[in-house]
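Asks: I'd like to ask some things about the structure below.
The values are calculated or read from the model by the stated rules, or taken from the named source; none is laboratory data. These numbers were taken from a predicted model, which means no experiment stands behind them. Because the Cβ atoms are built from the backbone with ideal geometry, glycine has one as well, and the counts that use them run over all protein chains shown. Surface accessibility is based on the protein's heavy atoms, side chains included, excluding ligands, DNA and RNA. Shrake-Rupley method; radii C 1.70, N 1.55, O 1.52, S 1.80 Å.
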Amino acid sequence: MTTATITEPSTATQKFIDSPHKLLIDGKRVDAASGETFEVLDPSNNNVLRQVPKGSNQDIDRAVKAARRAFETGPWPKITPSERGKLIWKLADLIEQNAEEFAQLETLDNGKPLAVARAADIPLTIDHFRYYAGLATKIHGEAIDISVPYAPGSQFFDFALREPMGVVGQIIPWNFPLLMAAWKLGVALAAGNCMVLKPAEQTPLSVLRLGDLFSDAGFPDGVVNIVTGFGDAGAALAEHENVDKVAFTGSTEVGHEIVKASAGNLKRVSLELGGKSPSIVFPDADLEMAASGVSGAIFFNQGQCCCAGSRLLVHKKVYQELVERVADQAKKIKLAPGMHSDADMGPLVSTEQQNRVLNYIRAGMSEGAQTLIGGNIPEGDMNGGCFVEPTVFGNITQEMTIVQEEIFGPVVVASPFDDIEEVIAKGNDTEYGLAASVWTNDINKAHKVARGLKAGTVWVNCHNIFDAAAPFGGYKKSGYGREMGVHAMESYTQVKNVIIQIH
(Lines give C-alpha, C1' and ligand atoms only; values in the text may rest on other atoms or scores of the structure.)
Protein backbone atom coordinates (compact mmCIF):
# COMPACT_ATOMS: atom_id res chain seq x y z
CA MET A 1 0.00 0.00 0.00
CA THR A 2 1.48 3.32 -1.07
CA THR A 3 1.60 6.32 1.20
CA ALA A 4 0.34 9.61 -0.18
CA THR A 5 2.85 12.36 -0.64
CA ILE A 6 1.96 15.97 0.01
CA THR A 7 3.13 18.60 -2.46
CA GLU A 8 4.31 21.68 -0.64
CA PRO A 9 3.84 25.01 -2.43
CA SER A 10 6.82 25.79 -4.61
CA THR A 11 9.05 28.75 -3.86
CA ALA A 12 7.33 30.72 -6.64
CA THR A 13 3.85 29.81 -5.40
CA GLN A 14 4.61 30.69 -1.80
CA LYS A 15 6.29 33.94 -2.84
CA PHE A 16 3.17 34.97 -4.74
CA ILE A 17 0.83 34.00 -1.90
CA ASP A 18 2.93 35.96 0.60
CA SER A 19 3.20 39.05 -1.60
CA PRO A 20 0.82 42.01 -1.24
CA HIS A 21 -2.19 41.58 -3.54
CA LYS A 22 -3.70 44.53 -5.33
CA LEU A 23 -6.14 45.35 -8.09
CA LEU A 24 -4.88 45.77 -11.65
CA ILE A 25 -6.12 49.06 -13.09
CA ASP A 26 -4.55 50.85 -16.04
CA GLY A 27 -1.44 48.70 -15.83
CA LYS A 28 -0.80 49.55 -12.17
CA ARG A 29 -1.26 47.58 -8.97
CA VAL A 30 -3.50 49.60 -6.65
CA ASP A 31 -5.41 49.11 -3.42
CA ALA A 32 -9.19 49.20 -3.32
CA ALA A 33 -10.48 52.75 -3.00
CA SER A 34 -11.95 51.87 0.39
CA GLY A 35 -8.72 50.27 1.57
CA GLU A 36 -10.75 47.20 2.58
CA THR A 37 -9.63 43.62 2.05
CA PHE A 38 -11.16 40.18 2.50
CA GLU A 39 -9.87 36.71 3.30
CA VAL A 40 -9.25 34.00 0.72
CA LEU A 41 -9.51 30.52 2.26
CA ASP A 42 -8.01 27.13 1.48
CA PRO A 43 -11.12 24.90 1.31
CA SER A 44 -9.16 21.80 2.32
CA ASN A 45 -8.83 23.18 5.87
CA ASN A 46 -10.48 26.64 5.85
CA ASN A 47 -7.19 28.30 6.73
CA VAL A 48 -6.60 31.80 5.43
CA LEU A 49 -4.40 31.83 2.33
CA ARG A 50 -4.23 35.57 1.85
CA GLN A 51 -6.04 38.90 2.03
CA VAL A 52 -7.02 40.54 -1.26
CA PRO A 53 -8.58 43.94 -2.01
CA LYS A 54 -12.33 44.28 -1.64
CA GLY A 55 -13.17 46.20 -4.78
CA SER A 56 -16.34 48.29 -4.97
CA ASN A 57 -18.24 50.42 -7.47
CA GLN A 58 -15.50 53.08 -7.21
CA ASP A 59 -12.88 50.59 -8.31
CA ILE A 60 -15.08 49.27 -11.09
CA ASP A 61 -15.55 52.83 -12.31
CA ARG A 62 -11.78 53.44 -12.28
CA ALA A 63 -11.21 50.21 -14.19
CA VAL A 64 -13.91 50.95 -16.78
CA LYS A 65 -12.47 54.41 -17.40
CA ALA A 66 -9.01 52.90 -17.86
CA ALA A 67 -10.38 50.36 -20.32
CA ARG A 68 -12.25 53.09 -22.22
CA ARG A 69 -9.10 55.19 -22.53
CA ALA A 70 -7.13 52.19 -23.74
CA PHE A 71 -9.81 51.40 -26.32
CA GLU A 72 -10.38 54.94 -27.60
CA THR A 73 -7.02 56.70 -27.39
CA GLY A 74 -4.39 54.14 -26.39
CA PRO A 75 -2.10 52.20 -28.72
CA TRP A 76 -4.37 49.11 -28.61
CA PRO A 77 -6.75 50.11 -31.47
CA LYS A 78 -3.74 50.76 -33.73
CA ILE A 79 -2.19 47.34 -33.10
CA THR A 80 -2.68 45.07 -36.11
CA PRO A 81 -4.48 41.71 -35.84
CA SER A 82 -1.18 39.94 -36.39
CA GLU A 83 0.44 41.85 -33.54
CA ARG A 84 -2.56 41.12 -31.30
CA GLY A 85 -2.12 37.44 -32.07
CA LYS A 86 1.56 37.57 -31.15
CA LEU A 87 0.77 39.20 -27.81
CA ILE A 88 -1.85 36.56 -26.97
CA TRP A 89 0.58 33.79 -27.97
CA LYS A 90 3.25 35.34 -25.76
CA LEU A 91 0.76 35.34 -22.89
CA ALA A 92 0.20 31.61 -23.45
CA ASP A 93 3.96 31.02 -23.42
CA LEU A 94 4.29 32.84 -20.10
CA ILE A 95 1.49 30.77 -18.55
CA GLU A 96 3.22 27.63 -19.80
CA GLN A 97 6.51 28.74 -18.27
CA ASN A 98 4.73 29.17 -14.92
CA ALA A 99 2.41 26.18 -15.31
CA GLU A 100 3.25 24.49 -12.00
CA GLU A 101 2.73 27.71 -10.05
CA PHE A 102 -0.68 28.23 -11.67
CA ALA A 103 -1.68 24.60 -11.02
CA GLN A 104 -0.76 24.89 -7.35
CA LEU A 105 -2.65 28.17 -6.99
CA GLU A 106 -5.77 26.58 -8.51
CA THR A 107 -5.54 23.67 -6.09
CA LEU A 108 -4.89 25.76 -2.99
CA ASP A 109 -7.61 28.26 -3.86
CA ASN A 110 -10.29 25.98 -5.33
CA GLY A 111 -9.55 22.63 -3.69
CA LYS A 112 -9.36 20.47 -6.82
CA PRO A 113 -6.71 17.72 -7.01
CA LEU A 114 -3.36 19.03 -8.17
CA ALA A 115 -3.17 16.24 -10.76
CA VAL A 116 -6.38 17.58 -12.35
CA ALA A 117 -5.13 21.16 -12.40
CA ARG A 118 -1.87 20.01 -13.99
CA ALA A 119 -3.50 17.75 -16.58
CA ALA A 120 -6.63 19.71 -17.48
CA ASP A 121 -7.03 23.29 -16.24
CA ILE A 122 -3.62 24.67 -17.14
CA PRO A 123 -3.09 22.91 -20.51
CA LEU A 124 -6.61 23.88 -21.61
CA THR A 125 -5.94 27.48 -20.58
CA ILE A 126 -2.74 27.62 -22.62
CA ASP A 127 -4.38 25.98 -25.62
CA HIS A 128 -7.29 28.39 -25.44
CA PHE A 129 -5.10 31.47 -25.65
CA ARG A 130 -3.13 29.94 -28.52
CA TYR A 131 -6.31 29.14 -30.43
CA TYR A 132 -7.44 32.78 -30.24
CA ALA A 133 -3.96 34.03 -31.01
CA GLY A 134 -4.39 32.31 -34.36
CA LEU A 135 -7.96 33.53 -34.80
CA ALA A 136 -7.00 37.20 -34.37
CA THR A 137 -6.02 37.41 -38.06
CA LYS A 138 -9.13 35.59 -39.26
CA ILE A 139 -11.90 38.00 -38.32
CA HIS A 140 -13.38 38.77 -41.70
CA GLY A 141 -16.06 41.04 -43.08
CA GLU A 142 -17.83 40.37 -46.35
CA ALA A 143 -18.77 42.01 -49.63
CA ILE A 144 -22.52 42.01 -50.37
CA ASP A 145 -24.08 42.23 -53.82
CA ILE A 146 -27.07 44.53 -53.32
CA SER A 147 -29.82 45.43 -55.81
CA VAL A 148 -31.59 48.60 -54.45
CA PRO A 149 -34.73 48.29 -56.62
CA TYR A 150 -35.77 51.92 -56.07
CA ALA A 151 -32.45 53.19 -57.58
CA PRO A 152 -32.41 51.67 -61.10
CA GLY A 153 -29.19 52.23 -63.00
CA SER A 154 -27.20 53.11 -59.89
CA GLN A 155 -24.24 51.05 -58.71
CA PHE A 156 -23.21 50.47 -55.14
CA PHE A 157 -20.40 48.71 -53.35
CA ASP A 158 -21.63 47.21 -50.06
CA PHE A 159 -19.35 45.63 -47.49
CA ALA A 160 -19.74 44.61 -43.86
CA LEU A 161 -17.04 44.97 -41.21
CA ARG A 162 -16.64 43.13 -37.92
CA GLU A 163 -15.47 45.54 -35.22
CA PRO A 164 -14.80 45.03 -31.50
CA MET A 165 -17.59 45.75 -29.05
CA GLY A 166 -15.45 48.18 -27.03
CA VAL A 167 -15.26 47.85 -23.24
CA VAL A 168 -16.30 44.43 -21.99
CA GLY A 169 -17.13 43.49 -18.40
CA GLN A 170 -16.38 39.85 -17.60
CA ILE A 171 -17.53 38.04 -14.46
CA ILE A 172 -16.17 34.54 -13.94
CA PRO A 173 -17.00 31.70 -11.49
CA TRP A 174 -14.96 29.81 -8.94
CA ASN A 175 -15.03 26.26 -10.33
CA PHE A 176 -12.32 26.72 -13.01
CA PRO A 177 -10.91 30.16 -12.20
CA LEU A 178 -8.00 30.40 -14.64
CA LEU A 179 -9.68 28.47 -17.44
CA MET A 180 -12.85 30.56 -17.23
CA ALA A 181 -10.71 33.69 -17.40
CA ALA A 182 -9.12 32.30 -20.57
CA TRP A 183 -12.55 31.51 -22.06
CA LYS A 184 -13.50 35.15 -21.62
CA LEU A 185 -10.21 36.93 -22.29
CA GLY A 186 -8.92 34.98 -25.29
CA VAL A 187 -11.73 35.81 -27.69
CA ALA A 188 -12.17 39.35 -26.37
CA LEU A 189 -8.49 40.16 -26.89
CA ALA A 190 -8.43 38.57 -30.35
CA ALA A 191 -11.39 40.77 -31.35
CA GLY A 192 -9.66 43.92 -30.11
CA ASN A 193 -11.74 44.72 -27.02
CA CYS A 194 -10.59 46.09 -23.67
CA MET A 195 -11.70 44.34 -20.49
CA VAL A 196 -12.59 44.67 -16.84
CA LEU A 197 -12.43 41.19 -15.32
CA LYS A 198 -13.99 40.35 -11.95
CA PRO A 199 -13.01 36.91 -10.58
CA ALA A 200 -15.12 35.06 -8.02
CA GLU A 201 -14.41 36.19 -4.48
CA GLN A 202 -13.69 32.59 -3.43
CA THR A 203 -10.90 32.04 -5.98
CA PRO A 204 -9.11 35.23 -7.07
CA LEU A 205 -5.47 34.15 -6.72
CA SER A 206 -4.71 32.56 -10.10
CA VAL A 207 -6.40 35.43 -11.93
CA LEU A 208 -4.39 37.98 -9.94
CA ARG A 209 -1.24 36.05 -10.87
CA LEU A 210 -2.36 36.10 -14.49
CA GLY A 211 -2.60 39.87 -14.22
CA ASP A 212 1.17 40.02 -13.66
CA LEU A 213 1.76 38.53 -17.11
CA PHE A 214 -0.05 41.05 -19.29
CA SER A 215 2.63 43.71 -19.08
CA ASP A 216 5.32 41.02 -19.42
CA ALA A 217 3.65 39.87 -22.64
CA GLY A 218 3.58 43.44 -23.95
CA PHE A 219 -0.09 44.39 -23.66
CA PRO A 220 -0.67 48.15 -23.33
CA ASP A 221 -1.87 49.51 -20.00
CA GLY A 222 -5.62 49.39 -19.49
CA VAL A 223 -6.38 46.66 -22.01
CA VAL A 224 -7.03 44.17 -19.19
CA ASN A 225 -8.07 45.36 -15.73
CA ILE A 226 -8.78 43.06 -12.77
CA VAL A 227 -10.99 43.97 -9.81
CA THR A 228 -11.48 41.50 -6.96
CA GLY A 229 -14.55 41.78 -4.78
CA PHE A 230 -18.03 40.52 -4.06
CA GLY A 231 -21.38 40.65 -5.80
CA ASP A 232 -21.74 44.41 -5.46
CA ALA A 233 -18.64 44.86 -7.64
CA GLY A 234 -20.08 42.50 -10.23
CA ALA A 235 -23.39 44.36 -10.17
CA ALA A 236 -21.59 47.67 -10.65
CA LEU A 237 -19.81 46.24 -13.68
CA ALA A 238 -23.02 44.85 -15.18
CA GLU A 239 -24.89 48.13 -14.86
CA HIS A 240 -22.06 50.54 -15.75
CA GLU A 241 -23.15 52.90 -18.50
CA ASN A 242 -19.73 52.89 -20.16
CA VAL A 243 -19.53 49.10 -20.53
CA ASP A 244 -20.57 47.91 -23.99
CA LYS A 245 -20.96 44.21 -23.19
CA VAL A 246 -21.02 42.01 -20.14
CA ALA A 247 -20.15 38.30 -20.18
CA PHE A 248 -21.12 36.20 -17.19
CA THR A 249 -20.59 32.58 -16.19
CA GLY A 250 -22.37 31.43 -13.05
CA SER A 251 -25.76 30.57 -11.63
CA THR A 252 -29.03 31.13 -13.46
CA GLU A 253 -30.30 33.17 -10.52
CA VAL A 254 -27.46 35.69 -10.83
CA GLY A 255 -27.83 35.58 -14.61
CA HIS A 256 -31.32 37.06 -14.23
CA GLU A 257 -29.84 39.90 -12.18
CA ILE A 258 -27.13 40.51 -14.79
CA VAL A 259 -29.77 40.91 -17.50
CA LYS A 260 -31.73 43.38 -15.37
CA ALA A 261 -28.62 45.37 -14.50
CA SER A 262 -27.56 45.59 -18.14
CA ALA A 263 -30.83 47.17 -19.28
CA GLY A 264 -29.77 50.76 -18.60
CA ASN A 265 -27.64 51.21 -21.71
CA LEU A 266 -28.92 48.04 -23.44
CA LYS A 267 -25.44 46.54 -23.38
CA ARG A 268 -24.81 43.24 -25.14
CA VAL A 269 -24.99 40.26 -22.77
CA SER A 270 -23.76 36.67 -23.02
CA LEU A 271 -24.58 34.18 -20.29
CA GLU A 272 -23.26 30.70 -19.53
CA LEU A 273 -25.45 29.53 -16.66
CA GLY A 274 -26.61 26.46 -14.77
CA GLY A 275 -27.41 22.97 -15.89
CA LYS A 276 -29.06 19.71 -14.93
CA SER A 277 -27.49 17.59 -17.61
CA PRO A 278 -28.63 14.01 -18.28
CA SER A 279 -26.32 11.06 -18.90
CA ILE A 280 -28.39 8.59 -20.94
CA VAL A 281 -27.31 4.94 -21.04
CA PHE A 282 -28.81 2.40 -23.46
CA PRO A 283 -28.54 -1.38 -23.01
CA ASP A 284 -26.29 -1.77 -26.05
CA ALA A 285 -23.63 0.50 -24.54
CA ASP A 286 -20.31 -0.77 -23.25
CA LEU A 287 -21.41 -0.77 -19.61
CA GLU A 288 -17.91 -0.71 -18.16
CA MET A 289 -17.03 2.34 -20.24
CA ALA A 290 -20.42 3.92 -19.56
CA ALA A 291 -20.15 3.43 -15.79
CA SER A 292 -16.71 5.01 -15.76
CA GLY A 293 -17.86 7.82 -18.05
CA VAL A 294 -21.03 8.77 -16.19
CA SER A 295 -19.14 8.62 -12.88
CA GLY A 296 -16.59 11.06 -14.25
CA ALA A 297 -19.44 13.18 -15.61
CA ILE A 298 -20.72 13.89 -12.11
CA PHE A 299 -17.73 13.44 -9.80
CA PHE A 300 -15.11 15.35 -11.84
CA ASN A 301 -14.17 18.62 -10.12
CA GLN A 302 -16.25 17.54 -7.11
CA GLY A 303 -19.38 17.85 -9.24
CA GLN A 304 -18.81 21.58 -9.46
CA CYS A 305 -19.34 21.77 -13.22
CA CYS A 306 -22.22 23.57 -14.91
CA CYS A 307 -22.47 20.65 -17.36
CA ALA A 308 -22.06 17.87 -14.77
CA GLY A 309 -24.03 14.73 -15.60
CA SER A 310 -26.22 15.09 -12.53
CA ARG A 311 -29.17 13.07 -13.89
CA LEU A 312 -28.49 9.45 -14.79
CA LEU A 313 -31.13 7.96 -17.09
CA VAL A 314 -30.59 4.23 -17.66
CA HIS A 315 -32.61 1.78 -19.73
CA LYS A 316 -34.54 -0.55 -17.41
CA LYS A 317 -32.80 -3.64 -18.84
CA VAL A 318 -29.43 -2.53 -17.44
CA TYR A 319 -30.53 -0.04 -14.78
CA GLN A 320 -29.67 -2.17 -11.75
CA GLU A 321 -26.29 -3.27 -13.09
CA LEU A 322 -25.22 0.18 -14.28
CA VAL A 323 -26.26 1.98 -11.10
CA GLU A 324 -24.45 -0.61 -8.97
CA ARG A 325 -21.33 -0.05 -11.06
CA VAL A 326 -21.56 3.71 -10.53
CA ALA A 327 -22.09 3.29 -6.80
CA ASP A 328 -19.05 1.00 -6.70
CA GLN A 329 -16.98 3.63 -8.53
CA ALA A 330 -18.14 6.27 -6.04
CA LYS A 331 -17.14 4.02 -3.13
CA LYS A 332 -13.56 3.83 -4.46
CA ILE A 333 -13.07 7.60 -4.78
CA LYS A 334 -10.42 8.86 -2.38
CA LEU A 335 -11.32 12.18 -0.76
CA ALA A 336 -8.30 14.21 0.33
CA PRO A 337 -6.84 17.71 0.13
CA GLY A 338 -5.92 18.54 -3.45
CA MET A 339 -2.20 18.77 -2.70
CA HIS A 340 -2.19 15.09 -1.63
CA SER A 341 -0.98 12.74 -4.35
CA ASP A 342 -3.76 10.20 -3.69
CA ALA A 343 -6.64 12.69 -3.93
CA ASP A 344 -9.27 11.58 -6.44
CA MET A 345 -11.64 14.26 -5.21
CA GLY A 346 -10.91 17.36 -3.19
CA PRO A 347 -13.16 19.53 -1.02
CA LEU A 348 -15.94 21.73 -2.30
CA VAL A 349 -14.93 25.33 -2.77
CA SER A 350 -16.29 26.71 0.52
CA THR A 351 -18.25 25.96 3.67
CA GLU A 352 -21.18 27.76 2.09
CA GLN A 353 -21.11 25.41 -0.90
CA GLN A 354 -20.65 22.39 1.35
CA ASN A 355 -23.74 23.34 3.34
CA ARG A 356 -25.70 24.00 0.16
CA VAL A 357 -24.94 20.53 -1.19
CA LEU A 358 -25.66 18.85 2.15
CA ASN A 359 -29.02 20.63 2.31
CA TYR A 360 -29.93 19.23 -1.10
CA ILE A 361 -28.91 15.76 0.04
CA ARG A 362 -31.12 16.08 3.12
CA ALA A 363 -33.98 17.31 0.93
CA GLY A 364 -33.60 14.25 -1.29
CA MET A 365 -33.73 11.94 1.71
CA SER A 366 -36.76 13.69 3.19
CA GLU A 367 -38.61 13.50 -0.14
CA GLY A 368 -38.12 9.74 -0.29
CA ALA A 369 -35.11 9.23 -2.57
CA GLN A 370 -32.99 6.18 -1.79
CA THR A 371 -29.36 6.87 -0.89
CA LEU A 372 -27.36 4.17 -2.64
CA ILE A 373 -23.97 5.52 -1.59
CA GLY A 374 -22.64 8.61 0.20
CA GLY A 375 -24.81 11.41 1.52
CA ASN A 376 -22.57 12.65 4.32
CA ILE A 377 -19.45 14.50 5.31
CA PRO A 378 -16.74 11.79 5.11
CA GLU A 379 -15.60 10.15 8.30
CA GLY A 380 -12.05 10.52 9.52
CA ASP A 381 -9.76 13.49 9.96
CA MET A 382 -10.81 15.90 7.22
CA ASN A 383 -9.06 18.75 9.06
CA GLY A 384 -12.08 21.04 8.91
CA GLY A 385 -12.21 20.97 5.10
CA CYS A 386 -15.31 21.36 2.94
CA PHE A 387 -15.69 17.70 1.93
CA VAL A 388 -18.86 15.87 0.85
CA GLU A 389 -19.02 12.19 -0.05
CA PRO A 390 -19.83 11.28 -3.66
CA THR A 391 -23.53 10.48 -3.53
CA VAL A 392 -25.86 8.37 -5.69
CA PHE A 393 -29.64 8.55 -5.30
CA GLY A 394 -32.17 6.07 -6.65
CA ASN A 395 -35.94 5.72 -6.29
CA ILE A 396 -36.50 9.27 -7.50
CA THR A 397 -39.49 11.04 -9.03
CA GLN A 398 -39.43 13.95 -11.45
CA GLU A 399 -40.88 16.48 -9.00
CA MET A 400 -38.16 15.98 -6.38
CA THR A 401 -35.99 18.98 -5.59
CA ILE A 402 -32.79 17.01 -6.26
CA VAL A 403 -34.11 16.16 -9.74
CA GLN A 404 -35.23 19.64 -10.74
CA GLU A 405 -32.63 21.96 -9.18
CA GLU A 406 -28.92 22.32 -9.83
CA ILE A 407 -26.98 20.99 -6.83
CA PHE A 408 -23.47 21.78 -8.08
CA GLY A 409 -21.83 19.04 -6.08
CA PRO A 410 -20.97 15.32 -6.30
CA VAL A 411 -24.59 14.15 -6.30
CA VAL A 412 -26.27 12.14 -9.08
CA VAL A 413 -29.91 11.03 -9.29
CA ALA A 414 -30.66 7.82 -11.19
CA SER A 415 -33.89 6.63 -12.82
CA PRO A 416 -34.88 4.00 -15.42
CA PHE A 417 -36.53 4.50 -18.82
CA ASP A 418 -38.26 2.25 -21.36
CA ASP A 419 -37.66 3.70 -24.83
CA ILE A 420 -36.14 6.53 -26.87
CA GLU A 421 -39.21 8.76 -26.86
CA GLU A 422 -39.51 8.53 -23.08
CA VAL A 423 -35.86 9.27 -22.41
CA ILE A 424 -35.81 12.27 -24.76
CA ALA A 425 -38.86 13.64 -22.94
CA LYS A 426 -37.22 12.98 -19.56
CA GLY A 427 -33.95 14.52 -20.71
CA ASN A 428 -35.81 17.69 -21.72
CA ASP A 429 -37.96 17.81 -18.57
CA THR A 430 -35.92 20.57 -16.96
CA GLU A 431 -35.64 24.33 -17.21
CA TYR A 432 -31.99 23.91 -18.16
CA GLY A 433 -30.42 22.90 -21.46
CA LEU A 434 -26.66 23.07 -21.22
CA ALA A 435 -25.37 19.59 -22.03
CA ALA A 436 -26.08 15.86 -22.17
CA SER A 437 -24.30 12.61 -22.92
CA VAL A 438 -25.60 9.53 -24.72
CA TRP A 439 -24.04 6.10 -24.23
CA THR A 440 -24.82 3.64 -27.02
CA ASN A 441 -23.15 1.65 -29.82
CA ASP A 442 -26.10 2.30 -32.15
CA ILE A 443 -25.21 5.31 -34.32
CA ASN A 444 -28.81 5.83 -35.43
CA LYS A 445 -29.98 5.91 -31.83
CA ALA A 446 -27.19 8.35 -30.95
CA HIS A 447 -28.21 10.72 -33.75
CA LYS A 448 -31.91 10.53 -32.89
CA VAL A 449 -31.37 11.30 -29.21
CA ALA A 450 -28.80 14.02 -29.92
CA ARG A 451 -31.26 15.76 -32.24
CA GLY A 452 -34.13 15.35 -29.81
CA LEU A 453 -32.39 16.81 -26.76
CA LYS A 454 -32.67 20.55 -26.14
CA ALA A 455 -29.07 21.07 -25.08
CA GLY A 456 -26.17 23.16 -26.31
CA THR A 457 -23.72 20.25 -26.25
CA VAL A 458 -24.42 16.54 -26.65
CA TRP A 459 -21.56 14.10 -26.12
CA VAL A 460 -21.78 10.51 -27.38
CA ASN A 461 -19.87 7.84 -25.43
CA CYS A 462 -17.99 10.59 -23.58
CA HIS A 463 -18.68 13.54 -21.29
CA ASN A 464 -16.80 16.71 -20.35
CA ILE A 465 -14.80 16.83 -23.57
CA PHE A 466 -13.77 20.40 -24.37
CA ASP A 467 -11.68 22.04 -27.06
CA ALA A 468 -10.99 25.67 -27.80
CA ALA A 469 -12.44 25.20 -31.30
CA ALA A 470 -15.73 23.64 -30.12
CA PRO A 471 -18.58 26.04 -29.21
CA PHE A 472 -20.11 25.70 -25.74
CA GLY A 473 -23.28 27.23 -24.34
CA GLY A 474 -26.85 26.57 -23.39
CA TYR A 475 -30.48 26.37 -24.37
CA LYS A 476 -33.34 27.64 -22.20
CA LYS A 477 -32.30 28.88 -18.74
CA SER A 478 -28.75 27.69 -19.27
CA GLY A 479 -28.06 31.00 -21.00
CA TYR A 480 -27.33 32.37 -24.44
CA GLY A 481 -24.30 33.14 -26.52
CA ARG A 482 -21.43 30.73 -27.01
CA GLU A 483 -18.00 30.32 -25.49
CA MET A 484 -15.06 29.07 -27.57
CA GLY A 485 -14.62 28.51 -31.26
CA VAL A 486 -15.38 31.01 -34.00
CA HIS A 487 -18.94 31.22 -32.64
CA ALA A 488 -17.75 33.11 -29.55
CA MET A 489 -16.48 35.88 -31.82
CA GLU A 490 -20.09 36.81 -32.61
CA SER A 491 -20.57 37.92 -28.98
CA TYR A 492 -17.45 40.09 -28.95
CA THR A 493 -17.81 41.87 -32.28
CA GLN A 494 -20.45 44.03 -33.91
CA VAL A 495 -21.23 44.37 -37.58
CA LYS A 496 -20.97 47.66 -39.44
CA ASN A 497 -22.35 47.87 -42.97
CA VAL A 498 -20.86 50.37 -45.44
CA ILE A 499 -22.57 51.29 -48.72
CA ILE A 500 -20.71 53.36 -51.32
CA GLN A 501 -22.35 54.69 -54.46
CA ILE A 502 -20.17 54.25 -57.52
CA HIS A 503 -20.38 57.15 -59.99
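Asks: Rounded to the nearest 5, what % of DSSP beta bridges with both residues in the chain are antiparallel?
Replies: Details: 32 of 70 bridges.
In the chain, DSSP labels about 45 percent of beta bridges as antiparallel.
Asks: Could you work out, for the chain, what percent of all Cα-Cα pairs fall into each 10 Å distance bin, beginning at 0 Å and stopping at the bin that holds the largest distance?
Replies: 4, 19, 28, 25, 15, 6, 2, 1, 0
Asks: Would you mind listing how long the range 192-265 runs along its three principal axes, going by Cα atoms, in whole Å with the largest first?
Replies: 37, 27, 16
Asks: Working from the pairwise distances between different alpha carbons, so that the mean of 1/r is found and then inverted, what is the range 1-101's Kirkwood radius in Å?
Replies: This gives a value of 17.1 Å.
Asks: How long are the three semi-axes of the equivalent ellipsoid for the range 120-202, computed from the Cα gyration tensor as the root of 5 times each eigenvalue, in whole Å, largest first?
Replies: Computed over the range 120-202, the values are 39, 15, 9 Å.
Asks: A further question follows. Can you tell me how much longer the chain between ASN441 and ASP328 gets when fully stretched, taken as 0.36 nm per residue apart minus their C-alpha distance, in nm with one decimal?
Replies: Working: separation 113, 0.36 × 113 = 40.68 nm, distance 2.35 nm.
Length difference between fully extended and current span is 38.3 nm.
Asks: Right, something else. Using C-alpha positions alone, give me the convex hull volume of the range 81-129 per residue in cubic angstrom. Each step should come with its number before you reach the end.
Replies: Numbers: hull volume 3.0 nm³, N = 49.
Residue-normalised Cα hull volume stands at 61 Å³.
Asks: Given LYS86/LYS245; LYS245/LYS477; LYS90/LYS476; LYS316/LYS448, which pairs have Cα atoms separated by over 28 Å? Intermediate values should be presented prior to the final figure.
Replies: Numbers: LYS86/LYS245 25 Å; LYS245/LYS477 20 Å; LYS90/LYS476 38 Å; LYS316/LYS448 19 Å.
Where the Cα-Cα span goes over 28 Å, the pairs concerned are LYS90/LYS476.
Asks: What nm distance separates the two modelled labels at ASN383 and ALA425, each placed 7 Å from Cα along Cα→Cβ?
Replies: 5.1
Asks: Calculate how large, on average over all directions, the projected area of the Cα convex hull of the range 302-343 is; give the answer in nm² to one decimal.
Replies: It is 3.8 nm².
Asks: Moving on. Sequence-distant or interchain residues sharing an amide H contact under 5 Å with GLY27, placed H: which?
Replies: Amide H neighbours of GLY27, under 5 Å, 5+ apart: GLY222.
Asks: Also: Please check the chain for the longest run free of GluC sites (Glu not before Pro) that are loop-located per DSSP (anything but H, G, I, E, B) and have at most 15 other Cβ atoms within 10 Å.
Replies: Result, exposed sites excluded: 37-240.
Asks: Calculated FRET efficiency, MET365 and ASP18, Cβ-Cβ r, R0 45 Å, to nearest 0.05?
Replies: After rounding, the FRET efficiency stands at 0.55.
Asks: Right, another one. At 0.36 nm per residue, and after removing the present C-alpha to C-alpha distance, how many nm does the segment from ASN395 to VAL259 gain when stretched out fully?
Replies: Contour length minus Cα-Cα distance gives 45.2 nm.
Asks: Expressed as a whole percentage, what fraction of the accessible surface of the chain belongs to carbon and sulfur atoms when a 1.4 Å probe is rolled over the protein heavy atoms?
Replies: Ligands and nucleic acids excluded, carbon and sulfur give 52 percent.
Asks: Here is a further query. Rounded to the nearest 500, what is the chain's calculated 222 nm mean residue ellipticity when only DSSP H runs of at least 4 contribute -39500 (n - 2.57) each, over all residues?
Replies: -11000 deg cm²/dmol
Asks: Let me ask something else about it. Considering only C-alpha atoms, what is the centroid distance from the range 231-284 to the range 427-503, in Å?
Replies: So the separation of the two Cα centres works out to 16 Å.
Asks: Let me ask something else. Give me the log10 of I(q) over I(0) for the range 426-479 at q = 0.12, 0.17, 0.21 Å⁻¹, as the Debye formula computes it from C-alpha points; what are the numbers?
Replies: Log10 of I(q)/I(0), two decimals: -0.26, -0.53, -0.78.
Asks: Follow-up. In Å², and per residue, what accessible area does the chain have when probed at 1.4 Å with the other protein chains present?
Replies: Numbers: 20470 Å² over 503 residues.
Per residue, the chain has 41 Å² of solvent-accessible surface.
Asks: What are the extents of the Cα atoms of the range 333-480 along their three principal axes, in Å, largest first?
Replies: Taking the Cα atoms of the range 333-480, the three principal extents are 50, 40, 31 Å.
Asks: Based on alpha-carbon centroids, what's the gap between the range 119-161 and the range 310-369 in Å, whole number please?
Replies: Going from one Cα centre to the other spans 44 Å.
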